[in-house]
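Trainee: This is the structure I want to talk about, given as structure tokens.
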């Protein structure tokens, strides 16, 4: 075990003095929330100033080159300064770190992603800041836990706190951040999670609002929802499911296309020019897209056509519909190009923006078919956001609370619940039909819970030490004597430095037992076999169980830097796992 530094020693002394162990997670959740709130302020500041100065200094005709500049700068950074961590991106890799890397996330991810994402979006990249703030928040939580010498459980809790605080600060949505962390990052709900996550989400939002001022993404008055509109809401849910499928397929196609371009700089060049050309034709594709959504909410639809070639055409109802349709269908393409060709960012915001455009287009078509005076475009835009987001992010509950908070449309709770239920159920149903045909191996949230429960076990505590090693030069008679005094059916063979050289099993020596003349002429090195697989003493328990299943063994040698530490048995590992399953509070 590494030696504790003075800060860790001071922390453990303070922790031992606390009569209530719940105080410590509460305090740390506040610290993580405040630090992540600062990170959210930084990323917003970076985006604002880059966007302001990039647009200010670039002539209007050269706006389409700005994404190319951003992509090239980010590509240079990712292949030099941030080369070792460039692969890490958002929710998926945070979950992998929890499952497979003992909730350890590299320190540089605290700041690297909001630099590269800030540059991408500031120069016009059509993505979202959420991947950056999720990565940064998770890295803050993980590294606070590592700095204080906390175990796997508390590191995982602090990662959830960091994610909740990040989403809360960026979106002014503390409940949205809290539920997102529970629904997507952490394995399952337990009552002990409530206070730390809520406190972290509140701390992040309060600090962000204190420094940056009160802000709402979308602020527009809403009329009361009439239940006669429920059929329209159900149909919008169906469209939201279809649109989410289009988004995901578009992202996959863009990823496949740009993966064929091996040079990262050529990839950035092609992607930058492609996105710049799209922005030249459709200016609403510049940046995250919230400006365009606010324009539609404030009945400024014509402002979307400014600086577009479409502005030269006669203004008609059909031109506006075609333009909104193009914006809706091209937004996923713009995001796919941005994220896969050299830029940074996530799909969180683009799903909201695309859903908003889809909802507005749906409202226009409904008004053409059934001119009803009591319909409000904002209602359908907000419901469209929720339905698309729920399916793309696999987070229907987050979608309901997030959209309600960022739009202050709490009177839409019932239609939000309905539209998310319809869209997500249809997506789930279609995916199940596809699975029944393709028959893939599913690894859902239950699989994640199993792995996280296993990873709470320490291999150090499961190791069965063996003080009777066999040396390479030991005779067959000595090997037999060791087996006679051991309860195991396998012995380790070590060199004089304690390094594991091989193992001898009862099956290996059974055929030699009848030849007594070999008892003093054969040696351990002649009988041993190289171990099929070894276990590192710091290895996650879930990976160790995978090795047991793969090699069909019941005992594995444990090493550290090549030196033998003992054996770990499958039966002991499963016994400890069952004990974890029966604990009242299985997490934290």
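Trainee: Under the condition of being in a loop (DSSP other than H, G, I, E, B) and within 17 Å of residue 394 (Cα to Cα), which residue from the stretch 423-451 is modelled with the lowest pLDDT?
Mentor: Restricting attention to the stretch 423-451, the residues satisfying the condition of being in a loop (DSSP other than H, G, I, E, B) are 439-444.
Now restrict to residues that are within 17 Å of residue 394 (Cα to Cα): 442-444.
Numbers: 442: 45, 443: 51, 444: 52.
Filtering the stretch 423-451 for residues that are in a loop (DSSP other than H, G, I, E, B) and within 17 Å of residue 394 (Cα to Cα), the one modelled with the lowest pLDDT comes out as 442.
Trainee: Residue check: is residue 541 more than 28 Å from residue 458 (Cβ to Cβ), buried (at least 18 other Cβ atoms within 10 Å of the Cβ) and either within 34 Å of the chain's Cα centre (by Cα) or modelled with pLDDT under 80 (or both)?
Mentor: Details: more than 28 Å from residue 458 (Cβ to Cβ): no; buried (at least 18 other Cβ atoms within 10 Å of the Cβ): yes; either within 34 Å of the chain's Cα centre (by Cα) or modelled with pLDDT under 80 (or both): yes.
Answer is no for this residue.
Trainee: Sticking with this one: Quick one: is residue 547 within 21 Å of residue 463 (Cβ to Cβ), out of contact with any helix residue (DSSP H, G or I) (no Cβ under 8 Å at 6 or more places or on another chain) and in the same structural domain as residue 464 (by TED's automatic domain parsing)?
Mentor: Taking the combined requirement at face value, the residue satisfies it.
Trainee: What are the residues in the stretch 265-296 that are farther than 20 Å from residue 51 by Cα and buried (at least 22 other Cβ atoms within 10 Å of the Cβ), if any?
Mentor: If the condition is that a residue be farther than 20 Å from residue 51 by Cα and buried (at least 22 other Cβ atoms within 10 Å of the Cβ), then 296 is the only one that fits.
The values are calculated or read from the model by the stated rules, or taken from the named source; none is laboratory data. In this text the structure is predicted, and so the values were computed from the model without any measurement. Every residue, glycine among them, receives a Cβ derived from its backbone with ideal geometry; neighbour counts consider all protein chains shown.
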